[in-house]
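The values are calculated or read from the model by the stated rules, or taken from the named source; none is laboratory data. These numbers were taken from a predicted model, which means no experiment stands behind them. Quick reminder, even Gly has a Cβ in these numbers, built from the backbone with ideal geometry, and neighbours come from all protein chains shown.
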Amino acid sequence: MTYAVTYSSHTGNTKELAQTINETLDNIIYFGEHDIKALNADRIYIGFWTDKGTCDSKTIEFLKQVQNKEIFLFGTAGFGKSEQYFNQIIDSVKSYINDSNRIVGSFMCQGKMPQTVRDRYIKLQNNENYQKYQMLIDNFDQALEHPNNKDKNNLIKVIK
Ligand SMILES: Cc1cc2nc3c(=O)[nH]c(=O)nc-3n(C[C@H](O)[C@H](O)[C@H](O)COP(=O)(O)O)c2cc1C
C-alpha cells in the first residue's frame, strides 16, 4: 500500500496537519501541494482549508482528477465550536469526490485566522450587533492556538 499526502494551505494551518501525517506514515511516495504526482499512490491524504463552508477551490480542482483511490480528507476551519459544523463541511467536500473512490476517513480541526479578520470584527461591532460580533471575536481568539499539539495528536490517533 502506497500513500500520498497532498494539500492546499493559504496561511499554513493545513500544511501543519499535512506535515504531521508525513511524519507519521511510512510508504509515502508524494508529499506536497496538490499535484497529479499524488495520483500514483493507492491512498491519498487530501488536505484543504475551509472557504465559504466548503474546501478551497484548488482542492475542488484536485478532487475532480482523483479516481479509483482510497481517500482520507483532512482540513482546517476558522470556526471550531461544533463537530456538527465540521461534519457539514466534510459532507460538502465529499460531493466533489467521484464514486469510483472510497473515502476511508476524515479529520478536521480549527485553524487560526489573520489579524485583519479580528480588526474587521472590532470595527463592525456596535451596540445593536454587540453579542454576535463578540461571539466571532471569542471564536477568533480561541482559533489562535490551533492547530495545536492536541489537534495533531488526535489526527495521529485517527490515521493510525
Ligand atoms: C477567504 C476566506 C474564507 C474563509 N471561509 C471560512 C468559512 O467559511 N468557514 C470557516 O470555518 N473558516 C473560514 N475561513 C478560515 C480558514 O478556513 C482557516 O483559517 C483555515 O485554518 C486556513 O487554513 P490554511 O492556514 O491552511 O490556509 C476562511 C478564510 C478565508 C481567508
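Assess whether residue 132 counts as being away from the ligand (no atom under 12 Å from the Cβ), surrounded by fewer than 14 Cβ atoms within 10 Å (Cβ to Cβ), on the phi < 0 side of the Ramachandran plot and assigned to a helix (DSSP H, G or I).
So residue 132 fits the description; yes.
Which of the residues belonging to the stretch 22-43 are outside any loop (DSSP other than H, G, I, E, B) and under 14 Å from the mean Cα position of the chain (by Cα)?
Within the stretch 22-43, the subset outside any loop (DSSP other than H, G, I, E, B) is 22-24, 28-33, 36-40, 43.
Within the stretch 22-43, 33 is the sole residue that qualifies.
Return the pair list, or none, for Cβ contacts closer than 7 Å from residues in the stretch 70-82 that are of a type in the set (D, E, K, R) to residues that are within 10 Å of the ligand (Cβ to nearest atom), at least 6 apart or on different chains.
81/139
Working only within the stretch 65-81, note down all residues that are closer than 18 Å to residue 152 by Cα and not basic (Lys, Arg). Please lay out each step first, then the result.
In the first step, residues of the stretch 65-81 are kept if they are closer than 18 Å to residue 152 by Cα; the result is 72-81.
Scanning the stretch 65-81 gives 72, 73, 74, 75, 76, 77, 78, 79, 80.
When residue 102 is evaluated against the numbered criteria (1) closer than 20 Å to residue 21 by Cβ; (2) within 16 Å of the ligand (Cβ to nearest atom), which criterion, by number, is the only one it fails?
It is condition (2) that residue 102 fails.
Cβ-Cβ below 7 Å, separation at least six or inter-chain, first residue in the stretch 106-123 and at pLDDT 95 or above and of a type in the set (Lys, Arg), second within 13 Å of the ligand (Cβ to nearest atom) and in a loop (DSSP other than H, G, I, E, B): which pairs?
Pairs found: 112/144; 112/146.
List every residue pair whose Cβ atoms sit under 9 Å apart, with the two residues 6 or more apart in sequence or on different chains, where the first one lies in the stretch 53-65 and is farther than 18 Å from residue 12 by Cα and within 14 Å of the ligand (Cβ to nearest atom) and the second, anywhere, is assigned to a helix (DSSP H, G or I) and not aliphatic (A, V, I, L, M).
As it stands, the answer is 53/85; 53/88; 53/92, since those pairs meet every condition given.
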